[in-house]
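Trainee: Here it is, the structure, as structure tokens.
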Amino acid sequence: IKYALLDPPSPEPLPADHRLWGLENCFIFPHYATNTMAVREALVSEIQPIIEDHYGLGHSDERRKAEERALRYDLAVAHRLTAKYDMDMLVWNHISARYRTGCLITPGRKMWGKMTPEDLVYSSSNVTADVIHDAIYSARPDIKAIIHLHTPAATAISCLEDGFQPITQDSAYFYGKVANYDWDGLSDDASEGPQIAAAIKAVEGCNTLLMHNHGYVCFGSSVREAWVLAYYFERCCEVQLRVMQCGGKIRHPPKAVLQKAMETSYLPEFAPGVCEWEALCEEISFD
């Protein structure tokens, strides 16, 4: 445990000579100030960055500041790229990156094409974002970034009974890596979190959650990986729809070929985002 926040109910106030005051990295708050769940949730999500910064518990050192700057930059680039490639939906949808005990995430009140690194927040104004992202991060500790979109092709595929079908070379990224989740209305209820987590856990090593009649989520070890996966997933869905529209019989690649292609796609030199991200960043300017 790095530090603790305490709200002792008795004695109140805590005497100046009480031994708790002497504990290292232990911060005492008056009990009357933390006697509601709303306040306690705010303490966990909002006061932590202030405490870490004030007491120099990691947030203030140069390494952590550099990490946060890099995350904010990548997130802002990802938002702008989403708008540039017509994958956004006004101020809606969300991208996040795991940071400290929470995440940096879309503010929910700004057009994506104008997003800056400073705009990212520790808690979204969109409860749907919090439910989806919290559930996925809790289900998969290895995930460092998440992107949730309602792009046309992927959303159309999410409405099909058979869902996504890996039928092209590009779709190898997603062979055996797409989990499915039945639409349960707006994701605005925290009780939906365990259901989302269960869907993620049901497909070992998945990188995409196809949310039926809703949209999709891609996730990975970095913002660049999550965004590039989201881009390719939308393109694969678009190709699938075009193939279906032509009315011809679909030629499905052999499973062994798809498996080999999937494994090759994740070699270090070909992994999503490795080759593309620097070139993509050159497309974005914050000047």
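Trainee: Conditions first: (1) touching a residue at least 40 places away in the same chain (Cβ under 8 Å); (2) in contact with a Ser or Thr (Cβ under 8 Å, 6 or more places away or on another chain); (3) open to solvent by less than 50 Å² (accessible area, probe 1.4 Å); (4) of a type outside the set (A, V, I, L, M). TYR122 passes all but one, so which condition is the exception?
Mentor: So TYR122 meets the others, but not (3).
Trainee: For the stretch 249-261, check the following and say yes or no: at least one residue is over 16 Å from GLN165 (Cα atoms), in contact with a helix residue (DSSP H, G or I) (Cβ under 8 Å, 6 or more places away or on another chain) and not hydroxyl-bearing (Ser, Thr, Tyr). Before the answer, list the steps.
Mentor: We begin by selecting, within the stretch 249-261, every residue over 16 Å from GLN165 (Cα atoms); these are 260.
The next check asks that each one be in contact with a helix residue (DSSP H, G or I) (Cβ under 8 Å, 6 or more places away or on another chain); those that pass are none.
Within the stretch 249-261 (the criterion being over 16 Å from GLN165 (Cα atoms), in contact with a helix residue (DSSP H, G or I) (Cβ under 8 Å, 6 or more places away or on another chain) and not hydroxyl-bearing (Ser, Thr, Tyr)), the answer is no, since none of the residues qualifies.
Trainee: Would you confirm, using the coordinates I've provided, whether GLU225 is open to solvent by 30 Å² or more (accessible area, probe 1.4 Å), of a type in the set (D, E, K, R), assigned to a helix (DSSP H, G or I) and touching a Pro at 6+ places or on another chain (Cβ under 7 Å)?
Mentor: yes
Trainee: Can you name the residue in the stretch 48-86 that is open to solvent by less than 10 Å² (accessible area, probe 1.4 Å) and at pLDDT 90 or above and is also nearest to TYR216 (Cα to Cα) among such residues?
Mentor: Among residues in the stretch 48-86 that are open to solvent by less than 10 Å² (accessible area, probe 1.4 Å) and at pLDDT 90 or above, the one nearest to TYR216 (Cα to Cα) is THR82.
Trainee: Residues being touching an Asp or Glu at 6+ places or on another chain (Cβ under 9 Å), charged (D, E, K, R) and part of a helix (DSSP H, G or I): count how many of those fall in the stretch 68-127.
Mentor: Residues that pass the stated criteria total 3.
Trainee: Quick check on my filter: what residues within the stretch 77-128 are over 20 Å from ALA230 (Cα atoms) and among the small types (Gly, Ala, Ser)?
Mentor: Those that are over 20 Å from ALA230 (Cα atoms) and among the small types (Gly, Ala, Ser): GLY102, SER123, SER124, SER125.
Condition check ((1) more than 23 Å from the chain's Cα centre (by Cα); (2) farther than 22 Å from GLN195 by Cβ) across all residues:
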| residue | (1), (2) |
| --- | --- |
| PHE219 | no, no |
| ALA226 | no, no |
| GLU234 | no, yes |
| VAL239 | yes, yes |
| MET244 | yes, yes |
| GLY248 | yes, yes |
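Trainee: Here's another thing I want to ask about it. Which residue pairs have Cβ atoms closer than 8 Å, lie 6 or more positions apart in sequence or on different chains, and pair a first residue in the stretch 200-223 that is closer than 18 Å to GLU263 by Cα with a second residue that is of a type in the set (Asp, Glu)?
Mentor: Cβ pairs passing all conditions: SER221/ASP142.
Trainee: Could you tell me which numbered condition GLY113 fails, if it satisfies all but one of (1) of a type outside the set (A, V, I, L, M); (2) at pLDDT below 95; (3) in contact with a helix residue (DSSP H, G or I) (Cβ under 8 Å, 6 or more places away or on another chain); (4) open to solvent by 30 Å² or more (accessible area, probe 1.4 Å)?
Mentor: Single failed check for GLY113: (2).
Trainee: May I ask you to list the residues in the stretch 228-240 that are farther than 22 Å from ILE146 by Cβ and open to solvent by less than 40 Å² (accessible area, probe 1.4 Å)?
Mentor: Result: GLN240, single match.
The values are calculated or read from the model by the stated rules, or taken from the named source; none is laboratory data. Note that the structure is a prediction, hence the values are computed from the model and not measured. No Cβ is skipped: glycine too gets one built from the backbone with ideal geometry, and neighbour counts run over all protein chains shown. Protein only, heavy atoms only, side chains kept; ligands, DNA and RNA dropped before computing areas. Shrake-Rupley method; radii C 1.70, N 1.55, O 1.52, S 1.80 Å.
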